[in-house]
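This report concerns only the one structure given below.
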Amino acid sequence: MRIELLMSVLAGVAGGLAGTLWSGIVSAPLLGRLRARRPQDLQPETATRVLASALLYGACGAAAGFLFWLGWGLVALVAISWPMVGLLFGLLVWAGAALPALGAMWLRLGELRTVALVQLLEALVVSLAVGLLCAFVWHRSG
């Protein structure tokens with residue numbers, strides 16, 4: 001059965017918005033400790049930044065959902081369960097997009113490597129959430 005494009009994109013948006021949640025619950029407190037030591041390097045969280053982050057994560061999640069739909073939900077992987085498909089897709093998205101960009105930042109930031117590591121973890125959580133939700137939608141429609 002063919003998956004609807006809209007459902008894949010919406011699943012991606014929902015997974016992307018998990019990044020906003022993770023950011024507020026985990027990343028912000030971790031970065032807040034660093035901000036206390038180096039206030040000139042990190043801007044404080046504001047409502048505008050949280051909204052912009054949510055829009056960015058939602059849009060990137062939608063793009064990943066579209067990629068999942070275009071890839072027919074990794075249809076060639078027939079011998080593994082849908083959660084494993086979702087985790088694999090999430091890891092592929094993370095490894096292909098976030099890991100190179102944030103890894104390069106980590107190599108170049110010197111004293112601020114903690115920031116890059118926090119962002120790498122946040123991007124991994126978002127990618128896995130997107131992958132799992134997209135795979136779940138694909139599984140439910142099939």
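Bear in mind these aren't lab numbers, they're just calculated from the coordinates by the rules spelled out. The model shown is predicted, which means the values in this text are computed figures rather than measured ones. With ideal geometry, Cβ positions are generated from the backbone for all residues, glycine too; neighbour counts draw on all protein chains shown.
Restricting the stretch 1-62 to trypsin sites (Lys or Arg not before Pro) that sit in a DSSP loop and have at most 12 other Cβ atoms within 10 Å of their own Cβ leaves Arg2. The H on the amide N of Glu45, modeled in the peptide plane, is under 5 Å from the matching H of no residue at least 5 residues off or on a different chain. Taking label positions 7 Å along the Cα-Cβ direction at both Thr46 and Met84, the computed distance is 4.8 nm, reported to one decimal.
Contact order, relative form, for the chain: 42 percent (alpha carbon pairs under 8 Å, 6 or more residues apart, mean separation divided by residue count). In order along the stretch 98-112, phi translates into HN-Hα couplings of 6, 4, x, 5, 6, x, 5, 4, 4, 5, 9, 7, x, 5, 9 Hz, rounded to whole numbers, per the Karplus curve 6.51 cos²θ - 1.76 cosθ + 1.60 with θ = phi - 60° and x for Gly and Pro. Going through (1) 16.4, 55; (2) 24.0, 76; (3) 14.7, 44, the figure that equals Rg and Dmax of the Cα atoms in Å as computed for the structure here is (1).
Each label was represented as a point 7 Å from its Cα along the Cα-to-Cβ direction; for Leu56 and Arg140 these points are 2.9 nm apart. In this simple spin-label model, placing a label point 7 Å from the Cα along the Cα-to-Cβ direction at both Ala76 and Leu112 gives a separation of 4.0 nm.
By the helix-only formula, in which each DSSP H run with n ≥ 4 contributes -39500 (n - 2.57) and the sum is divided by residues, the chain has a 222 nm mean residue ellipticity of -24500 deg cm²/dmol.
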